[in-house]
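The values are calculated or read from the model by the stated rules, or taken from the named source; none is laboratory data. None of the values given here were measured: they were computed from a predicted structure. With ideal geometry, Cβ positions are generated from the backbone for all residues, glycine too; neighbour counts draw on all protein chains shown. For accessibility, only protein heavy atoms count, side chains too; no ligands or nucleic acids. Shrake-Rupley method; radii C 1.70, N 1.55, O 1.52, S 1.80 Å.
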Amino acid sequence: MAKNQHGNNQFLSMIEGKARQTHQHLYRSLGQTCDLLVYGEMDGLNQEWSSMQQHAGGLVGSSSTGKACNSFSLHAANTTQHQVIGSNMGWVAVRTGNVNAVFVHVPNSIAKKENEAIAFYRSINNQLIQSGNGPIDLVMGDTNQSSPSFTPSVLSNATGSTFSDAHTGTSINPSDSYQRSFSGTNSTASKKYDMAAYNTGTISVIKVDYLSQSTPVSVNGTSMAAAITDHMGIFIDVTK
């Protein structure tokens, strides 16, 4: 938005504001504070992002392959409740309490290829089991999937367990938007790339919902945005 019109400090300030806003939205939706907030495409260990901890929460950990688009930054109010248990290209796994959550940004080169996607998730699941943490309970993030049923299907095949989409509605109505309905989570609202898939044999979903791509605000009568992206945020409350 307004490319090349924002300095680094202004951009950082907008992202910090969006973090505070996200926590507020989640508290209103869940009636409790957010345990873990994960950002894709952000390396929280980079010094330039250090101030984010004052707004998003303390840094649980960060995963980066050297490219911003493949990075993850994990934040929490109580960092001792969470442990990073694995990471590699396109994913990071966190154990929160007794739940194994895998946050993904599946590479486009494999995201829509069934056999390669199965191999991607099977490798993650095997790594978690071999490290003594047990299998995947939850997968969240930008799957770049070809259809809404693609990720649950390949996860079920990869793990030998049954995975389901936590959000089964045909339309998406973000909790922070009034009477807005979308058919997808990407920039054209046509593809459901951002989703949560859960292991039906290990966890139950209490609530799941989306956060919009931008939250409009008015500055001196002019419509602006606190932050904008080509994806939607997703949040979930589960029990195991």
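When the surface is traced with a 1.4 Å probe over the full set of protein chains, W49 keeps roughly 50 Å² accessible. Counting only heavy atoms of the protein chains and using a 1.4 Å probe, L26 has close to 10 Å² of accessible surface. Ranked from largest to smallest solvent-accessible area, with a 1.4 Å probe on the protein heavy atoms, R180, R28, R122 come out as R28, R180, R122.
Rounded to the nearest 20 Debye, what is the dipole magnitude of the chain about its Cα centre when Lys and Arg each give +1 and Asp and Glu each give -1 at the C-beta? Show your work: numbers first, answer last.
Values: 14 positive and 15 negative charges, 32 e Å.
Here the chain has a charge dipole of around 160 debye.
Using a probe of 1.4 Å on the protein chains alone, the accessible area found for F72 is around 10 Å².
Using a ≥ b ≥ c from the Cα gyration tensor of the stretch 1-136 (square roots of the eigenvalues), is it rounded, prolate or oblate, where a/c under 1.5 gives rounded and otherwise the larger of a/b and b/c decides, a/b for prolate? Oblate is the answer for the stretch 1-136, as a/c is 1.5 or above yet b/c matches or exceeds a/b. Among S181, Y198, F120, which residue has its Cα furthest toward the positive end of the charge dipole of the chain, with +1 on Lys/Arg Cβ and -1 on Asp/Glu Cβ? Of S181, Y198, F120, it is S181.
Can you list the aspartates and glutamates whose alpha carbon is less than 12 Å from that of K240, not counting same-chain residues fewer than 8 positions off? List returned: D137.
Using a simple charge model, +1 on the beta-carbon of Lys and Arg, -1 on the beta-carbon of Asp and Glu, nothing else, what dipole does the stretch 76-158 show about its Cα centre, in debye to the nearest 20? Charge dipole, the stretch 76-158, about its Cα centre: 60 debye, nearest 20.
With a threshold of 31 Å on the Cα-Cα distance, the over-threshold entries among K18/K191; K18/K67; K67/K113; K3/K113; K18/K192 are K3/K113. Placing unit charges on the Cβ atoms of the charged side chains and taking the dipole of the chain about its Cα centre, the candidate lying farthest along the positive direction among G160, L37, G132 is G160. Helical content of the chain, expressed as a calculated mean residue ellipticity at 222 nm, amounts to -7500 deg cm²/dmol (DSSP H runs of 4 or more residues, -39,500 (n - 2.57) each, divided by residue number, nearest 500). The share of accessible area on the chain that comes from carbon and sulfur is 46 percent, using a 1.4 angstrom probe.
Relative contact order (percent) for the stretch 1-158, with alpha-carbon contacts under 8 angstrom and 6 or more residues of separation? Could you put the intermediate results ahead of the total?
Working: 238 pairs, mean separation 24.3, N = 158.
15 percent.
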